[in-house]
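Asks: Let me begin by handing over the structure; questions about it come next.
A short reminder: the numbers here are calculations on the coordinates, not readings from a lab. Everything quoted here is computed from the prediction, not taken from an experiment. Please note: Cβ atoms are built from the backbone with ideal geometry, for glycine as well, and neighbour counts cover all protein chains shown.
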Amino acid sequence: SGFHQPQDAPHWVQTGAERSVSYAVVYETDATRARGRIFAANHYLRKLGVNPQPPGADPGTDNAKSSVM
């Protein structure tokens, strides 16, 4: 059996006494890669003491963050 796990959504797997095998296939688009770079830029900005805007708040800022990373 299988299921769709939305990107960036947390999940919890609990198995019984039997062995289990799982694998993941990740598909990224240009938009999801850019979003990841924005999150990475925000991480570094927070380390510098800056309170960055979340992704999607300002497309121009998002583009700059994505380009730098």
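Asks: Quick one: which of A31, A41, A64 is part of a helix (DSSP H, G or I) and in contact (Cβ under 8 Å) with a residue 12 or more places away in the chain?
Replies: It is A41.
Asks: Which of the residues belonging to region 1-14 are exposed (fewer than 10 other Cβ atoms within 10 Å of the Cβ) and within 30 Å of F39 (Cβ to Cβ)?
Replies: Of region 1-14, the ones exposed (fewer than 10 other Cβ atoms within 10 Å of the Cβ) are 1-4, 6, 8-14.
Hits for region 1-14 are G2, F3, H4, P6, D8, A9, P10, H11, W12, V13, Q14.
Asks: Also: Would you mention how many residues in region 45-61 are farther than 19 Å from D8 by Cβ and either in a loop (DSSP other than H, G, I, E, B) or among the aromatic types (F, W, Y) (or both)?
Replies: The total comes to 5.
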